[in-house]
1. Distance check, please: which entries in Lys324/Lys381; Lys317/Lys404; Lys173/Lys198 exceed 22 angstrom between their Cα atoms?
2. Computed FRET efficiency, Cβ-Cβ of Glu41 and Ser415, R0 60 Å: what is it to the nearest 0.05?
3. Whole angstrom only: what separates the Cα centroid of the stretch 296-346 from the Cα centroid of the stretch 149-209?
4. Which pairs in the list Lys86/Lys216; Lys327/Lys392; Lys14/Lys254; Lys136/Lys286; Lys51/Lys166; Lys10/Lys216 are over 24 Å apart, alpha-carbon to alpha-carbon?
5. Between Glu236 and His125, what is 0.36 nm times their sequence separation minus the Cα-Cα distance? Round to one decimal in nm.
6. May I ask you to list the aspartates and glutamates whose Cα is less than 20 Å away from that of Lys441, ignoring any residue fewer than eight positions away on the same chain?
7. If you add up the charges near Cys17, with Lys and Arg at +1 and Asp and Glu at -1, over every other residue whose beta carbon is less than 15 angstrom from its beta carbon, what do you get?
8. So which aspartates and glutamates can Lys207 reach, going by Cα to Cα under 17 Å and dropping same-chain residues fewer than 8 places off?
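No value in this document is a laboratory result; all are computed from the given coordinates. From a predicted model like this one, the values you see are computed outputs, not experimental measurements. Glycine also receives a Cβ, built like all others from the backbone with ideal geometry; neighbour counts cover every protein chain displayed.
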Amino acid sequence: MALSGLDIYKLLPKTNCKKCGSPTCLAFAMKLAMKKASLDECPDITAEAKKALEESSRPPIALIKLGSGDNVVEIGGETVLFRHEKTFYHQTAIAISADDTLDDSALLARIKEIENISFERVGQHISIDMIALVNKSSTAEKFLSALDKILQNSKKPVILVSPDPKTIEAALKKCSDRKTLVHAADSKNLKDMCAVAKACKAVLALKAKNLEELDKMSQEANSLGIEEIALDPGFETLHGSLNDLTQIRRLSLKRNYRPFGFPVIMFVKNNDKYQTVVDSCTFIAKYAGVIVLDSTEEDVLLPIVTMRQNIYTDPQKPVTVEPKLYKFGSPDKNSPIMVTTNFSLTFYTVAPEIEASGNPAYLLVTDSEGMSVLTAWAAEKFTPEIIAETMKKTELDSIVSHKKIIIPGYVAVLSGKLEDVSGWQVLVGPKEASGIPKYLKEIWK
Ligand code: SF4
């Protein structure tokens, strides 16, 4: 938990010597609390005070980076229990497993399948974040051979799943180009796994039977020099796991309890694909940093990534699309022009309906700061003047010959003023996007 200026002041030498550039120790403490100064600027601070201050400035949940280059995945680093308190910053990473018992061609097919999973939703490109290689064969040879194939065919961060420290050590030597997550140290192999993870600078997942054991393991791993940890409280029932994850998040944020101040990894294993979706969505909402799935099926993954996108969208920043003129089909000088706002959800509700009409058309999107049509109209971000200005900037005069523009039915009230300021004929379209195909086929002339 961050210290106040007065808490910091109590740890400073209190000599007011001014060597730090501040007139008093209290003034320097206030600057530190506001993060406008660095501890190093005070040459007289004791080692104990420095350690205490550095410890208190650590985030309550560690931010951990996996992978390398353009393929870095960040987990943890959250600061609130509920999204509406502020926002969630680092979305739950989704990993898909691959077993080392697969033969070469099946493994390559599996890697390709994971690489090719891709969804486009409200303008965002969504793919799978990581591959979890599972040492199902229990042999180092097969595990290392499978790892070679993954490293050759994917740049995604890797989770190495094996209980054997020697196998993990050999595997980590191959992964020197990307930060790797090891799963897992348990109560039996903890010391050896810590030694390997420390030597290879890997992130170590700790797997325990219950929270008490996880707590002890985290403290021991920390005392053995492991600073980057992922917590695996196990998964027996959804109710039990939900309780564990909530306790971990609460203790780390509300009590600043350091042994639980790390992201959580959950393996979702269920033969019922609907239950897999339910489990995964629960862990995304509360509070996994990584989930590992076996399934590559689209009907399992799509609801999961949709849930993740909804939870990890900043409620204070609406998702927007670029304000500009969009084309559907091959519109020409006689094609209709509809107008709407740049709220992503509005755009992706209107656009498919225009496409479904089969009518080539234009859609003019104005900058409404990410508000929907009615909200933007109420906030004066979707006014006749703004629409007319966007029409002018887009040079609609030279794009079509008919000088007619269709506005959403809900803002029919804008039509008179828009005709005055634009000089165009304003047609009132349907209120709901679902009415667009019928409108374009039967009413537009
Ligand atoms: S250098 Fe340290 S001891 Fe001197 S005034 Fe600044 S904070 Fe106080």
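1. Going by Cα-Cα distance, Lys317/Lys404 fall outside the 22 Å limit.
2. The value I calculate is 0.40.
3. The distance from the Cα centre of the stretch 296-346 to that of the stretch 149-209 comes to 39 Å.
4. Beyond 24 Å between Cα atoms: Lys86/Lys216; Lys14/Lys254; Lys136/Lys286; Lys51/Lys166; Lys10/Lys216.
5. 36.6 nm
6. By straight Cα distance, Lys441 reaches Asp332, Glu353, Glu355, Glu432.
7. +1
8. Counting by Cα, and skipping residues close in sequence, Lys207 has these aspartates and glutamates nearby: Asp164, Asp186, Asp192, Asp215, Glu220, Glu227, Glu228, Asp232, Glu236, Asp244.
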